[in-house]
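Chemist: Take a look at this one; I'll ask things after.
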Amino acid sequence: MDTMLEQTLRSRTPASSQRLLPVSADPVSYANHTLNVRLMRVQEQILRALLDPPRIVNVPSGNNWGKTFLAAVAASWWFDHYPDGVVYAMGPRKEHVVNVLWGQLRLLRRELDTPWVGPKAPEIYDTPTHFALGMTASRGESFRGRHLGRKLFILDEATAPEMLPYFDELPTMFDPEAGDALMLLYNPTDTASRMYFEDQKGQLPGEGALPWHRFRLNCLEHENVEAALRGECPPFPGAVSLAQINDWVRTECEPVAEGDVHRPSDFFWGWRYCPCCGGSGLVE
Ligand SMILES: Nc1ncnc2c1ncn2[C@@H]1O[C@H](COP(=O)(O)OP(=O)(O)OP(=O)(O)O)[C@@H](O)[C@H]1O
Ligand SMILES: [Mg+2]
């Protein structure tokens, strides 16, 4: 179908018929061509890992990497690609689900005809087996007992204490046979959280280990930081930057004073992080 004809059809057809237009089976291609966004290399890998059994991605990450953005891309593709696709996107607080996660989804889909449920609600609804729903853990919203459709579960900020109940509900809902998928996205800061515990369990070989694709996202390896070190502009403005990391180090760390005993955990930090020596040396 040529593009002009497709555009005309899009503008004239109701939302449900529009979604019958073919949508790429590759979520990365969908992001590039339907949502018109470019993804970071690791975002592409994570998205594609959602299609690879066990279709669970576990993403402990530094701040401001691009996790919530990726969750919104995944939710959009899942809804558009699977006629019986159902998305449950969970976050700890209403403000996060409505303004951050759903805010991102609304921005990404601003050119697409979408059956939003109202101007603010975190919900897209087509049929009982085809919808996307944002849920707030602190309000006790639950997906327990809902078994229809091919489900994508997203736990954003999975280490937040409010997210705890979802870890008990997931095993009763997640159906690998149905092609369900799960995204676990978090900053691994709270060692007392259930997510941290599950991650550590999965790290150990042997019984009880959870099978998943694990992506540990280090801010020092972000494409914005790599670009800054080459003296180039950050390719993903808004995501973590070298200046931001320098600030974090300055505020979170204590300088080793002249004459202090050096400890194994001490490290050098300069204005520029040196990729050649793995970050342990200063660059003049
Ligand atoms: N592929 C991309 N293209 C353009 N902008 C992006 C992309 N990925 C992320 N961003 C932008 O980077 C910023 C940070 O992204 P996001 O909020 O998803 O990070 P996060 O890892 O969820 O952060 P946090 O650790 O605070 O939860 C946002 O402004 C987002 O729009
Ligand atoms: Mg986030």
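The values are calculated or read from the model by the stated rules, or taken from the named source; none is laboratory data. These numbers were taken from a predicted model, which means no experiment stands behind them. Neighbour counts run over all protein chains shown; Cβ positions are idealised from the backbone, glycine included.
Chemist: Regarding the stretch 147-158, can at least one residue be identified that is within 16 Å of ligand 1 (Cβ to nearest atom), touching a strand residue (DSSP E or B) at 6+ places or on another chain (Cβ under 6 Å) and over 22 Å from SER76 (Cβ atoms)?
Modeler: no
Chemist: Condition test on LEU133, is it among the aliphatic types (A, V, I, L, M), part of a strand (DSSP E or B) and within 16 Å of ligand 2 (Cβ to nearest atom)?
Modeler: Details: among the aliphatic types (A, V, I, L, M): yes; part of a strand (DSSP E or B): yes; within 16 Å of ligand 2 (Cβ to nearest atom): no.
Considered against the rule, which asks whether it is among the aliphatic types (A, V, I, L, M), part of a strand (DSSP E or B) and within 16 Å of ligand 2 (Cβ to nearest atom), LEU133 comes out as no.
Chemist: Those residues that are without any contact (Cβ under 8 Å) to a residue 60 or more places away in the chain and out of contact with any strand residue (DSSP E or B) (no Cβ under 7 Å at 6 or more places or on another chain), I need them from the stretch 162-172; list them, please.
Modeler: Taking the stretch 162-172 as the starting set, the residues that turn out to be without any contact (Cβ under 8 Å) to a residue 60 or more places away in the chain are 164-165, 167-172.
Passing the criteria: LEU164, PRO165, PHE167, ASP168, GLU169, PRO171, THR172.
Chemist: Another question, then. From THR129, THR68, which residue is touching a residue at least 24 places away in the same chain (Cβ under 8 Å), over 30 Å from THR189 (Cα atoms) and among the polar types (S, T, N, Q)?
Modeler: Among THR129, THR68, only THR129 is touching a residue at least 24 places away in the same chain (Cβ under 8 Å), over 30 Å from THR189 (Cα atoms) and among the polar types (S, T, N, Q).
Chemist: LEU108 versus (1) over 24 Å from TYR196 (Cα atoms); (2) away from ligand 1 (no atom under 15 Å from the Cβ): which is the lone unmet condition?
Modeler: With respect to (1) over 24 Å from TYR196 (Cα atoms); (2) away from ligand 1 (no atom under 15 Å from the Cβ), LEU108 is out only on (2).
Chemist: Hey, does the stretch 39-53 have a residue that's within 19 Å of GLU221 (Cβ to Cβ), in the same structural domain as GLY179 (by TED's automatic domain parsing) and in a loop (DSSP other than H, G, I, E, B)?
Modeler: yes
Chemist: Do we have LYS151 as in contact (Cβ under 8 Å) with a residue 12 or more places away in the chain, within 29 Å of ALA239 (Cβ to Cβ), within 21 Å of the chain's Cα centre (by Cα) and surrounded by fewer than 18 Cβ atoms within 10 Å (Cβ to Cβ) here?
Modeler: So LYS151 fails the test.
Chemist: Follow-up question, since we're still on this one. Applying the selection to the stretch 104-127, what residues are assigned to a loop (DSSP other than H, G, I, E, B) and in contact with a strand residue (DSSP E or B) (Cβ under 9 Å, 6 or more places away or on another chain)? So that I can check it myself, show each step before the final result.
Modeler: Looking only at the stretch 104-127, we keep the residues that are assigned to a loop (DSSP other than H, G, I, E, B), and these are 109-115, 117-122.
Matches in the stretch 104-127: ARG109, THR114, PRO115, VAL117, ALA121, PRO122.
Chemist: Sticking with this structure for a sec: (1) at pLDDT 95 or above; (2) within 16 Å of ligand 1 (Cβ to nearest atom); (3) outside any helix (DSSP H, G or I): which one isn't true of ALA75, the others all being true?
Modeler: Exception for ALA75: condition (3).
For (1) modelled with pLDDT of 95 or more; (2) in contact with a Ser or Thr (Cβ under 9 Å, 6 or more places away or on another chain), each residue gets a yes or a no:
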| residue | (1), (2) |
| --- | --- |
| GLU141 | no, no |
| LYS151 | yes, no |
| GLU157 | yes, yes |
| PRO165 | no, yes |
| THR172 | no, no |
| GLU177 | no, no |
| TYR186 | yes, yes |
| TYR196 | no, yes |
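Chemist: With respect to LEU182, determine if the residue is closer than 24 Å to HIS130 by Cα, in contact with a strand residue (DSSP E or B) (Cβ under 8 Å, 6 or more places away or on another chain) and either buried (at least 21 other Cβ atoms within 10 Å of the Cβ) or at pLDDT 95 or above (or both).
Modeler: The answer is yes for LEU182.
Chemist: Any residue in the stretch 79-99 that is more than 16 Å from ligand 2 (Cβ to nearest atom), surrounded by fewer than 23 Cβ atoms within 10 Å (Cβ to Cβ) and closer than 29 Å to CYS219 by Cβ?
Modeler: So far as the stretch 79-99 goes, no, none of its residues is more than 16 Å from ligand 2 (Cβ to nearest atom), surrounded by fewer than 23 Cβ atoms within 10 Å (Cβ to Cβ) and closer than 29 Å to CYS219 by Cβ.
Chemist: Evaluate the stretch 104-111: report whether one residue or more is within 25 Å of GLU177 (Cα to Cα), within 16 Å of ligand 2 (Cβ to nearest atom), aliphatic (A, V, I, L, M) and surrounded by 17 or more Cβ atoms within 10 Å (Cβ to Cβ). Step through it out loud before you land on a result.
Modeler: To start, the set of residues in the stretch 104-111 that are within 25 Å of GLU177 (Cα to Cα) comprises none.
No, the stretch 104-111 has no match at all.
Chemist: Filter the stretch 35-66 for residues that are among the charged types (D, E, K, R) and touching a helix residue (DSSP H, G or I) at 6+ places or on another chain (Cβ under 9 Å); which is farthest from ligand 1 (Cβ to nearest atom)?
Modeler: This residue is ARG55.
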